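Asker: Here's a structure for you.
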Amino acid sequence: MVETAESRTAEMQGRSWKDRVLQAFRSMMMARTFEEKLTSLYRGGKIQGGVYLGRGQEALSAALAHSLRDGDVFAPLIRDTGGRIGFGEDVKDALRTYLGSPLGPMRARDGNVHRGNPKRGYLPMMSHLGSMIPVVNGVLVARRMRGINGTVGATTIGDGGTSTGAFHEGLNQAAVEKLPLVLVVVNNQYAYSTPTSRQFACADLVDKAVGYGVDGRSLDGTNLEKCLEVLGDATERAREGHGPQLVVASLLRLCGHGEHDDAHYVDPQLKASPLGRDCLEVAESALLEKGWSDAVSLERWREEMREHVESAIATVQREPSPDPYREDWTALASRHLCEPYSESEG
Amino acid sequence: MSITYLEAIREAQAKALADDSRVFIYGQDVGPFGGAFKATKNLAKEFPERVWDSPISEDAMVGMAVGAAIDGMRPIIEMQFADFSTVGFNQIVNQAGAFYWRTGVRCPITIRLPSGGTPGSGPFHSQCMEGVYAYYPGLVVVTPATVEDAYSMLVESVALDDPVIFCEHKYLYYHLKADALPSEALPIGKARLTRAGRDMTIVSYGAMVHEAIATAETLQGEGWEIEVVDLRSVKPLDTDAVMASVARTGKLLCAGEAWPWGGVTAEVITRVATEGFALLDAPPVRLNAKDTPVPYHPKLWSVHRPTSETMAAAARNLLRS
Ligand SMILES: Cc1ncc(C[n+]2csc(CCOP(=O)(O)OP(=O)(O)O)c2C)c(N)n1
Ligand SMILES: [Mg+2]
């Protein structure tokens, strides 16, 4: 059900375009299915803290992950459920992070979207927007220093995140180092409630590419095949040594900033515009139109995915919660350097 | 042969680069130019692939180091001045400091902070940041006061599996000299009894250790035996060594060059007051810089931070109490 990194590479190398589209589509559908369950869990009071969804951004996010290969690095942000699944994340691990299971990758120490598996090149985001860009750069520098060629690092940032100093420093650093970084700017028209007019004054965010001396591309983020095409090109250009690739995708956030937010401030005209299309519906129609799938198969997949998520929830809900009295309250790997009060007082 | 504190820092980096191919140095002007203070002189020539210039982007410098460290490298980041590390603060405290605890993946980075005041350096080239970084979990913070420690603690810092904030004191760069590099060393986490005494303990670190030694010498002429403890690392803080000294002398003066609110001196006094109250014959005394930005003019600067004169005055009061 969930693709592994290995199968991703086989797919990139051997499979047809149709199979690639279908595979990315399945990651999108899984992301949507998973997030719908998350919403129910959140409304049922089962999740501590916030829930931030990527509704409407699944095509872009999944296409990015499905453009990557084994050994590549991916640093997703809050709306990248599609990409996380496409990069091979087990939904159980996603759930473990939301539900605070100590068996999850973050062991209940960090939650919700702050999860990853660095050893697999899946970097766990921290909250501060822009701060993952230089971290991806660092992994790419490390690979280059060890003579490992052909690694691509991919990360995303919102329209709001482009206003940070971290974004500027990170992209400029990647450009100076000519790193194989694919930086996807997801312009979903809002940063929480703030419209783009309060965020930047350039005509188009892709204009920034020139200033940084990197390749820039624009993209309709609601169209899965376009996303696969453009991101596939961008990752390959990065892999071939042409330096950072800035891809600016336009779409609309089809949910609140978080599940606590009713997004009443979203302009109805934007909702009615092409930006407001639901990428999952667009992709489903395209599949049906091309005869690459049919209504029965789509429904069957959806059902299988629901069952998969349900069974993952059942498994994770049976897992123990963390024991604060057995927690290892030490923040250093060098245990001999931990202050004694780390152990005694907690 | 004689070697300065600054040369010891260069030598430690040369050794780290030579011993371990995972080590690299990244910072402003550290490449062919050899660094603003020449702490990386000739290193880019010897290790061209592993010593290079960064843009003026402290946030991205540290972020990049984190990425490289979690992928198996051992970066050394040179901040041009400790003061500029504030621009990389987020990556230092939130990314590097939290990474191991969050993920179980080690994040071995050494961040060198040319710290502390020198005459004429002013508000933005003089700061002592050790207390700020020590506040955050997940960071080791060291403050070498001798040429030997500058060398051995830097070598050890690079070998540690955690982020280390290496506060090297600029005031000591040129005028502190040793005959040779050390062949053995006290480990990070152990304080040093710099001078034995029985009437009072002065606990300090970094450049203040030398003011403390001068104070002890002055007071020796007045008949007092002052013990001087050099903390060496402020996190972890060697509470046992401090307590043992206070047990011998019964009196504690704690001096730091940092600002007075909170910080290392407050931490030392808190620990002694809470864990060793009965050892004290008099209330402990703290000595810190004035609570203003660091002044530019040498005359103003000379009284902004504690000196052997103000330390001796505070010590006399304490000795008489
Ligand atoms: C440096 C920083 N400041 C503030 C926040 C709080 N915050 C979290 S998400 C968000 C809005 C982000 O907007 P955008 O970058 O457009 O991404 P989107 O949520 O639209 O995907 C804000 C302000 C943060 N995470 N990091
Ligand atoms: Mg946005």
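Asker: Of the numbered conditions (1) surrounded by 24 or more Cβ atoms within 10 Å (Cβ to Cβ); (2) within 15 Å of residue A:176 (Cβ to Cβ); (3) within 7 Å of chain A (Cβ to nearest Cβ), residue B:91 fails exactly one; give the number of that condition.
Answerer: Failed condition: (2).
Asker: Quick one: in region A:121-136, of everything that is assigned to a loop (DSSP other than H, G, I, E, B) and at the interface with another protein chain (Cβ under 7 Å from one of its Cβ atoms), which residue is surrounded by the fewest Cβ atoms within 10 Å (Cβ to Cβ)?
Answerer: A:128
For every residue, the table says whether it meets (1) within 9 Å of another protein chain (Cβ to nearest Cβ); (2) outside any strand (DSSP E or B).
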{"position": "B:24", "(1), (2)": "yes, no"}
{"position": "B:33", "(1), (2)": "no, yes"}
{"position": "B:36", "(1), (2)": "no, yes"}
{"position": "B:39", "(1), (2)": "no, yes"}
{"position": "B:49", "(1), (2)": "yes, yes"}
{"position": "B:60", "(1), (2)": "yes, yes"}
{"position": "B:64", "(1), (2)": "yes, yes"}
{"position": "B:67", "(1), (2)": "yes, yes"}
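Asker: How many of the residues making up region B:72-87 are at the interface with another protein chain (Cβ under 9 Å from one of its Cβ atoms) and crowded, with 24+ Cβ neighbours inside 10 Å?
Answerer: The qualifying residues number 2.
Asker: Here is a list of conditions, (1) open to solvent by 10 Å² or more (accessible area, probe 1.4 Å); (2) at pLDDT 95 or above, and residue A:47 meets all of them except one; can you say which number that is?
Answerer: (2)
Asker: Would you check which residues across region B:221-239 are over 21 Å from the mean Cα position of the chain (by Cα) and either buried (at least 23 other Cβ atoms within 10 Å of the Cβ) or not hydrophobic (A, V, I, L, M, F, W, C) (or both) and list them?
Answerer: Hits for region B:221-239 are B:221, B:222, B:223, B:225, B:226.
Asker: Would you check which residues across region A:68-81 are within 16 Å of ligand 2 (Cβ to nearest atom) and not β-branched (Val, Ile, Thr) and list them?
Answerer: Residues satisfying the conditions are A:76, A:77, A:79, A:80.
Asker: Out of the residues in region B:286-320 that are in contact (Cβ under 8 Å) with a residue 60 or more places away in the chain and open to solvent by 30 Å² or more (accessible area, probe 1.4 Å), which is nearest to residue B:273 (Cα to Cα)?
Answerer: Among those that are in contact (Cβ under 8 Å) with a residue 60 or more places away in the chain and open to solvent by 30 Å² or more (accessible area, probe 1.4 Å), it is B:316.
Asker: Just for helices (runs of 4 or more DSSP H) wholly inside region A:266-346: which have at least 1 residues that are open to solvent by 40 Å² or more (accessible area, probe 1.4 Å) and more than 14 Å from chain B (Cβ to nearest Cβ)?
Answerer: Ranges flagged: A:268-272, A:279-290, A:295-317.
Asker: Taking the condition of being touching a strand residue (DSSP E or B) at 6+ places or on another chain (Cβ under 9 Å) and aliphatic (A, V, I, L, M), how many residues in region A:318-336 meet it?
Answerer: Total meeting the criteria: 1.
Asker: Residues in region A:163-176: is at least one within 16 Å of ligand 2 (Cβ to nearest atom), more than 9 Å from every other protein chain (Cβ to nearest Cβ) and under 18 Å from the mean Cα position of the chain (by Cα)?
Answerer: Within region A:163-176, one or more residues are within 16 Å of ligand 2 (Cβ to nearest atom), more than 9 Å from every other protein chain (Cβ to nearest Cβ) and under 18 Å from the mean Cα position of the chain (by Cα).
Asker: Tell me yes or no: at least one residue of region A:96-103 is within 16 Å of ligand 2 (Cβ to nearest atom) and either out of contact with any Leu (no Cβ under 6 Å at 6 or more places or on another chain) or in a loop (DSSP other than H, G, I, E, B) (or both).
Answerer: Checked region A:96-103: no residue is within 16 Å of ligand 2 (Cβ to nearest atom) and either out of contact with any Leu (no Cβ under 6 Å at 6 or more places or on another chain) or in a loop (DSSP other than H, G, I, E, B) (or both).
Asker: Starting from residues that are open to solvent by 10 Å² or more (accessible area, probe 1.4 Å) and of a type in the set (A, V, I, L, M), keep the ones in region A:86-111 and report whichever is nearest to residue A:127 (Cα to Cα).
Answerer: Step by step, filter region A:86-111, then rank; the result is A:108.
Asker: In this structure, is residue B:218 outside any loop (DSSP other than H, G, I, E, B) and open to solvent by 10 Å² or more (accessible area, probe 1.4 Å)?
Answerer: yes
Asker: Something else: Do we have residue A:143 as away from ligand 1 (no atom under 16 Å from the Cβ) and in a strand (DSSP E or B) here?
Answerer: No; evaluated as a whole, the condition is false for this residue.
Asker: Also, quick follow-up: Quick check: is even one residue across region A:137-155 more than 16 Å from ligand 2 (Cβ to nearest atom), closer than 23 Å to residue A:265 by Cβ, more than 14 Å from chain B (Cβ to nearest Cβ) and free of Cβ contacts under 8 Å to residues at least 24 places away in the same chain?
Answerer: No, because not a single residue in region A:137-155 is more than 16 Å from ligand 2 (Cβ to nearest atom), closer than 23 Å to residue A:265 by Cβ, more than 14 Å from chain B (Cβ to nearest Cβ) and free of Cβ contacts under 8 Å to residues at least 24 places away in the same chain.
Asker: Check off (1) open to solvent by 20 Å² or more (accessible area, probe 1.4 Å); (2) under 18 Å from the mean Cα position of the chain (by Cα) for residue B:196 and give me the number that stays unchecked.
Answerer: Here residue B:196 clears every test but (2).
Asker: Check A:196, A:235 and return the single one that is within 12 Å of ligand 2 (Cβ to nearest atom) and β-branched (Val, Ile, Thr).
Answerer: Being within 12 Å of ligand 2 (Cβ to nearest atom) and β-branched (Val, Ile, Thr) holds for just one of A:196, A:235, which is A:196.
Asker: Out of (1) at the interface with another protein chain (Cβ under 10 Å from one of its Cβ atoms); (2) in contact (Cβ under 8 Å) with a residue 12 or more places away in the chain, the odd one out for residue B:110 is which?
Answerer: Every listed condition holds for residue B:110 apart from (1).
Asker: For region A:158-262, please list each of the helices (runs of 4 or more DSSP H) lying entirely inside it that holds at least 2 residues being buried (at least 24 other Cβ atoms within 10 Å of the Cβ), hydrophobic (A, V, I, L, M, F, W, C) and more than 16 Å from ligand 1 (Cβ to nearest atom).
Answerer: Passing ranges, in order: A:224-239.
Asker: Would you confirm, using the coordinates I've provided, whether residue B:67 is over 21 Å from the mean Cα position of the chain (by Cα), closer than 20 Å to residue A:145 by Cβ and crowded, with 21+ Cβ neighbours inside 10 Å?
Answerer: yes
Asker: Further question on the same structure: Given the conditions (1) open to solvent by 50 Å² or more (accessible area, probe 1.4 Å); (2) at pLDDT 95 or above; (3) more than 22 Å from the chain's Cα centre (by Cα), report the number of the one that residue A:149 does not fulfil.
Answerer: Tallying (1) open to solvent by 50 Å² or more (accessible area, probe 1.4 Å); (2) at pLDDT 95 or above; (3) more than 22 Å from the chain's Cα centre (by Cα), residue A:149 fails exactly one: (2).
Asker: Restricting to region B:24-64, and then to whatever is polar (S, T, N, Q) and free of Cβ contacts under 8 Å to residues at least 40 places away in the same chain, can you tell me which residue is surrounded by the fewest Cβ atoms within 10 Å (Cβ to Cβ)?
Answerer: It comes out as B:42.
The values are calculated or read from the model by the stated rules, or taken from the named source; none is laboratory data. Just so we're clear, the structure is a prediction, and the values are computed from it rather than from any experiment. Here the Cβ is made from the backbone with ideal geometry for all residues, glycine too, and neighbour counts use every protein chain on show. With ligands, DNA and RNA removed, areas are computed over all heavy atoms of the protein, side chains included. Shrake-Rupley method; radii C 1.70, N 1.55, O 1.52, S 1.80 Å.
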